[in-house]
Amino acid sequence: MRFAAFVDGPNLMGSFRNLGLNIDDYQSFYNFVMKRAVVEWNKCVVGECETTTLVWRVFWYQIGSIDELRFDNPAFEESLRRNFERDAELKHSFVSAAQRENHPDPEEGAWGMCLSEGKEWYEKKRADLRKMNQFNRAVRNNTRFVDIIECGHWKLDILRKNLHEKGIDTSLAVDLATMTDSYDVAVVLSGDADMLPSINHAKKHKGKQIGIVELKNDDDSRGQQSSARLRNHADFVVSIGKTELLGEGICAERQY
């Protein structure tokens, strides 16, 4: 029986953070998840508990790129300045900060502070992405049956220091729907309800079974990783508690 896991990487990492967990051995983690998925599949779909020959592969979707910003381009800085002037709330907060520092020209000081913070934040995000790429290479070198797809992109709002993740949910959903010749059962680790059309396509038109994985605190009635809509459309749900992961030695408590 061919099982494939489709994993929203940022969503998975967010779940680990929410649970206060660190993990180093992803091969063991995914092996545990897939074995649990087989158990739940047997109970909920097959209707009995039996030994199933398991062939599995993980498709793990991660961030791979970031906006390339040219702060040395005067036109780019002018564009940022115009946006800064239009954002009354943002400008007011920096003008107030410049006044507290007794800047001789609060408006110019405000813009300088905003631009400086934006540049610093951008360089930090670039460093974060480099670390993620290094992590991805290490996983590829040290795990079997795990494919990392670097399809996600960080779209940045430099002035507000916000980022938006693009591409992961779309790529995951498309692959789930189009790679049905590669699996019999799909195990989904995602909280994005936009995947429902792909899930329904795989189920209704290709005859596949779909399981949803939830990582949760032991006192939660359901995990935060999956939405209620995904649960309602799945053939089975794999709920994995924090204590289980700690007990298996797969994860460790995060040190703050």
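The values are calculated or read from the model by the stated rules, or taken from the named source; none is laboratory data. All figures in this text were calculated on a predicted structure; none of them were measured in a lab. Cβ placement follows ideal geometry from the backbone for every residue including glycine, while neighbour counts extend to all protein chains displayed. What goes into the accessible areas is simple: the full protein's heavy atoms, side chains included, and nothing from ligands, DNA or RNA. Shrake-Rupley method; radii C 1.70, N 1.55, O 1.52, S 1.80 Å.
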Using alpha-carbon pairs under 8 Å, 6+ residues apart, how would you state the relative contact order of the chain in percent?
28
Nearest-ten-degree value, helix 88-100 long axis tilted from longest Cα axis of the chain
60
Accessible-area value, Asp192, 1.4 Å probe, nucleic acids and ligands omitted, Å²:
30
Among bridges DSSP assigns within the chain, what percent are antiparallel (round to 5)?
20
Using the Cα centre of the stretch 88-192 as origin and beta-carbon charges of +1 (Lys, Arg) and -1 (Asp, Glu), tell me which of His92, Asn141, His103 is placed farthest towards the positive end of the dipole.
Asn141
Which labelled figure in [x] -0.50, -0.73, -0.86; [y] -0.61, -0.79, -0.87; [z] -0.44, -0.65, -0.77 is log10 I(q)/I(0) by the Debye sum over Cα atoms at q = 0.10, 0.12, 0.13 Å⁻¹, once derived from the coordinates:
[y]
How big is the accessible area of Arg160 in square angstrom, nearest 10, if you roll a 1.4 angstrom probe over the protein chains?
90
Relative to the chain, whose Cα atoms define the longest principal axis, helix 74-86 and its Cα axis are tilted in degrees, nearest 10, by 90
Comparing Phe135, Phe59, Phe236, which has the greatest mean-square fluctuation in the GNM of the chain with Cα pairs linked when under 10 Å apart?
Phe135
For helix 26-41, what angle does its Cα long axis make with the longest principal axis of the chain, in degrees from 0 to 90 and rounded to 10?
50
